[in-house]
Amino acid sequence: MADGNMPAPSRRAFLKAGLAVGGGLMLSFKLETSSLAAGAGTLNAYVTIGTDGMVTLAAKNPEVGQGVKTSLPQIIAEELDVAWSQVKVEMARTDPAAYGRQIAGGSMSTPTNWDTLRRVGAAGRQMLINAAAAEWGVPAAECSTQDGHVLHGKRKASYGALASKAAALPAPDLKTVALKDPKDFKVIGKALTGVDNPKIITGQPVFGIDTRLPGMLYATYAKAPVFGAQVKSADLAAAKAVKGVKNAFIVEGLPIKDNRMDGLLGGVAVVADSWWAARKGREALNIVWQDHPTSSQSTAAFDAEAARLLAGAPHKTLINDGDASAKIKGAAKTVKATYAYPFVAHAPLEPQNCTAWFKDGKMEIWAPTQLPQPGRQVVADMLGIDVSAVTVHMIRGGGGFGRRLMNDYMVEVARIAKEVAAPVQLIWTREDDIQHDFYRCAGFHEMEAGLDASGKLVAWREHFVTFGAGEAVSTGADLHLHQFPNKFLGDYKVERSIMQSGIPTGWLRAPGSNAFAFVHQGFVDELAQAAGRDPVEFRIEMLSRTPEVVVNPTQTFISKRMIDVLKVVAEKSGWANRARLPKGTGMGVAFYYSHLGYFAEVVQATVTDGAYKVDKVWVVGDVGAHIVNPSGAMNQVQGSVLDGLGQATQKITIEGGAVVESNFHDFPLLRAADAPPVEVHFLKTDYPPTGLGEPALPPVIPALCGAIFAATGKRVRSLPIDVELLKA
């Protein structure tokens, strides 16, 4: 731990300066990691200062709406001391040797880049000062900077005028370069609109699906409704007879390893001169699929199997501190409840798509991916070519939420492109996207806890039933063992059982936490009720027992930070006055720590005639000392809350090994008319800034369920929220 709640620096950076093409200063740096050691000498270009004074910053991480294309360059611009109007942002190329790990996920872009990007900007500023000082014959220490200029007395020179001279100077040591005092920040902390916003609102091409290449063809790809099934037959002639169709062919899938389906699944490709023609050709295929063992699986069967497993002995003990069973047996009061949540799809507004061109033995791909480098590798493996022959251009994704961490669409288009002598764009239908996702895994939790005579929680026992293959838990389905209330009770036991499944699962925004918060915060609410305690005070008392919990070697949960956001959200929401709310209206509260963020939320909801309406949500978060871009931060928090409220109504149902839901009519997103006001506050604390893509989502569903209980006395223990429960 470097500071109590921030990953310790594990990488250092080398900086190199040089003359930019056409003149000016180009700053390149390379992160020193063991994985990059073999590529020593390969540098990337993050910052270019042209002779016109314009500063071009490369955005190295994929952009899927999280705002990283704006916020990371802001960090460099601040230390470089240029006005944002002097900055141009360009998407970097995919190049692991140059950029290290390029990923949009885990809310890690800010914490992992904060220090390094500051130092790169500060180094560039120092070089420009040194160039000016040398030219003026004055000490560099007497010079200052302002909005892209170096100043000394009455002298003033623009960065553009100094850039080429600075390029001839040695680069300073990044480890010792002087950083700005945060009180002087002008760009960090300034609310800026996203750099792509003008293009988005005027309909200019910016997303993956907007990619256009000369002579480009379009493709659809039909896969079996039952996960993993192969093609038995297809009427290719009928598809080829459709006007505009250029080709139709069966693709043999590659063997499925470890029950993962992010490789190449078998199917039928149709390529045409328009996507509509390709889709009409697909409709003519009349595909017959082979039988597959997954066809016997269903939601009803999973529910029955989970009930059987919960009634029996667990497969494995994960945590066993103290003697929870004995403490519960001797408790003054016990509480027992079973919680469950379903499979959920990601459903980004832009369905999966990708464009590829196979030419002269090389593959070039334009992909709206969150994880380009593994995608590049899996394409190379699938085609049997060297990874150096695969070029991946990162294109903005129209929403990700973890779906685009899987690169199945990239593999499919690469395989299709190898068959046609032209660039080709694969576009999934909405139905393809919802019925062939990597779903948030369903789960079942049976919990029992004991309270002493004073209403204090003394022990907790939990049996968690999840999905997997053999003894391996499905992707994104395992329990986070570090999470609350682990280490806040001396007697705590968690056990797990696995039921076999062929349903593909993956990481949905705030993976795991988006479901576990509902389960554990919901049960804590029940315990507070049984204890006759205020739900906020009950939580604070539990948190106060343990000042710090080591989450892993690089993270520590600091209880005071969570207690503080709980206190403030209670104050901001008027929690103490909730008894004055009208009949049928209630408030619920929850907190959660994930992705280095501390969040507490209060939901006010009204239940009328068997339906609920969220009146308002209050959010208080602690993500450290600085909010890099308040506009993007607000967007992330409000988006997370609305996303979570939508998840409270969603489910994916399995019948015959296939997904029943197909589009937004039966898998609804939260509509604008149902979106409540979301009031957001940030507590500034003395810790480095951390990310915001995920940690605001988990508390909102349990807070909503708490509000429904306060309004009706009916406890929601299963998602999606059953409105029939509210009618009873």
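The values are calculated or read from the model by the stated rules, or taken from the named source; none is laboratory data. Note that the structure is predicted; figures quoted are calculated from it, not measured. Counting neighbours? That spans all protein chains shown, and the Cβs are built from the backbone with ideal geometry, glycine included. We work out accessible area using only protein heavy atoms, side chains counted, and drop any ligands, DNA or RNA first. Shrake-Rupley method; radii C 1.70, N 1.55, O 1.52, S 1.80 Å.
Somewhere in region 423-436, is a residue within 30 Å of Thr546 (Cα to Cα), at pLDDT 95 or above and touching a strand residue (DSSP E or B) at 6+ places or on another chain (Cβ under 6 Å)? Among the residues of region 423-436, not one is within 30 Å of Thr546 (Cα to Cα), at pLDDT 95 or above and touching a strand residue (DSSP E or B) at 6+ places or on another chain (Cβ under 6 Å), which makes the answer no. Do the conditions hold for Glu661, that is, is it part of a strand (DSSP E or B), acidic (Asp, Glu) and at pLDDT 95 or above? Judged against the criteria, Glu661 is not a match. Can you spot a residue in region 544-563 that is open to solvent by less than 40 Å² (accessible area, probe 1.4 Å), assigned to a loop (DSSP other than H, G, I, E, B) and either within 24 Å of Tyr687 (Cβ to Cβ) or touching a Gly at 6+ places or on another chain (Cβ under 9 Å) (or both)? Yes, that holds for at least one residue. Selection over region 363-393 of residues that are farther than 21 Å from Lys257 by Cβ, of a type outside the set (S, T, N, Q) and under 17 Å from the mean Cα position of the chain (by Cα) gives a count of 2.
Residues satisfying the criterion are absent from region 498-515 (criterion: out of contact with any Ser or Thr (no Cβ under 8 Å at 6 or more places or on another chain), in a loop (DSSP other than H, G, I, E, B) and open to solvent by 50 Å² or more (accessible area, probe 1.4 Å)). Please determine whether any residue of region 456-477 is in a loop (DSSP other than H, G, I, E, B) and at pLDDT 95 or above. Yes, region 456-477 has at least one match. Got at least one residue in region 252-275 being surrounded by fewer than 20 Cβ atoms within 10 Å (Cβ to Cβ), assigned to a loop (DSSP other than H, G, I, E, B), hydroxyl-bearing (Ser, Thr, Tyr) and touching a residue at least 60 places away in the same chain (Cβ under 8 Å)? Looking through region 252-275, none of the residues is surrounded by fewer than 20 Cβ atoms within 10 Å (Cβ to Cβ), assigned to a loop (DSSP other than H, G, I, E, B), hydroxyl-bearing (Ser, Thr, Tyr) and touching a residue at least 60 places away in the same chain (Cβ under 8 Å).
If you go through region 165-206 and pick out every residue that is open to solvent by 50 Å² or more (accessible area, probe 1.4 Å) and not in a loop (DSSP other than H, G, I, E, B), you end up with 9.
Among the numbered conditions (1) closer than 26 Å to Thr193 by Cα; (2) polar (S, T, N, Q); (3) open to solvent by less than 20 Å² (accessible area, probe 1.4 Å), the only one that Gln647 does not meet is (1). Summed over region 380-424, residues that are of a type in the set (Gly, Ala, Ser) and crowded, with 21+ Cβ neighbours inside 10 Å total 5. Only strands (runs of 3 or more DSSP E) whose full extent lies in region 311-430 are considered here, and the ones with at least 3 residues that are touching a helix residue (DSSP H, G or I) at 6+ places or on another chain (Cβ under 7 Å) are 333-341, 353-359, 362-367, 390-394, 424-427. If you go through region 528-539 and pick out every residue that is under 15 Å from Phe484 (Cβ atoms) and open to solvent by 30 Å² or more (accessible area, probe 1.4 Å), you end up with 0. The residue of region 76-123 that is surrounded by the most Cβ atoms within 10 Å (Cβ to Cβ), among those that are without any contact (Cβ under 8 Å) to a residue 60 or more places away in the chain and charged (D, E, K, R), is Asp95. The residue that is surrounded by the fewest Cβ atoms within 10 Å (Cβ to Cβ), among those in region 477-497 that are without any contact (Cβ under 8 Å) to a residue 60 or more places away in the chain and out of contact with any helix residue (DSSP H, G or I) (no Cβ under 9 Å at 6 or more places or on another chain), is Asp478. I need the full set of residues from region 691-728 which are surrounded by fewer than 23 Cβ atoms within 10 Å (Cβ to Cβ) and in contact with a helix residue (DSSP H, G or I) (Cβ under 6 Å, 6 or more places away or on another chain), in order please. Scanning region 691-728 gives Lys714, Arg715.
Kindly establish whether Leu683 is among the hydrophobic types (A, V, I, L, M, F, W, C), open to solvent by 20 Å² or more (accessible area, probe 1.4 Å) and free of Cβ contacts under 8 Å to residues at least 60 places away in the same chain. No; evaluated as a whole, the condition is false for this residue. Please determine whether any residue of region 203-215 is modelled with pLDDT under 95, among the β-branched types (Val, Ile, Thr) and farther than 20 Å from Ile503 by Cβ. Yes, region 203-215 contains at least one residue that is modelled with pLDDT under 95, among the β-branched types (Val, Ile, Thr) and farther than 20 Å from Ile503 by Cβ. The residue of region 651-677 that is farthest from Pro504 (Cα to Cα), among those that are open to solvent by 20 Å² or more (accessible area, probe 1.4 Å) and aliphatic (A, V, I, L, M), is Ala673. Just one of the listed residues (Leu645, Leu566) is under 22 Å from the mean Cα position of the chain (by Cα), touching a residue at least 24 places away in the same chain (Cβ under 8 Å) and part of a helix (DSSP H, G or I), namely Leu645. When region 160-209 is filtered for residues that are without any contact (Cβ under 8 Å) to a residue 12 or more places away in the chain and under 30 Å from Val245 (Cα atoms), the ones remaining, listed by number, are Gly203, Gln204, Pro205. Scanning region 405-434 for residues that are touching a Lys or Arg at 6+ places or on another chain (Cβ under 9 Å) and over 16 Å from Ile365 (Cα atoms) turns up Thr429, Asp432, Asp433.
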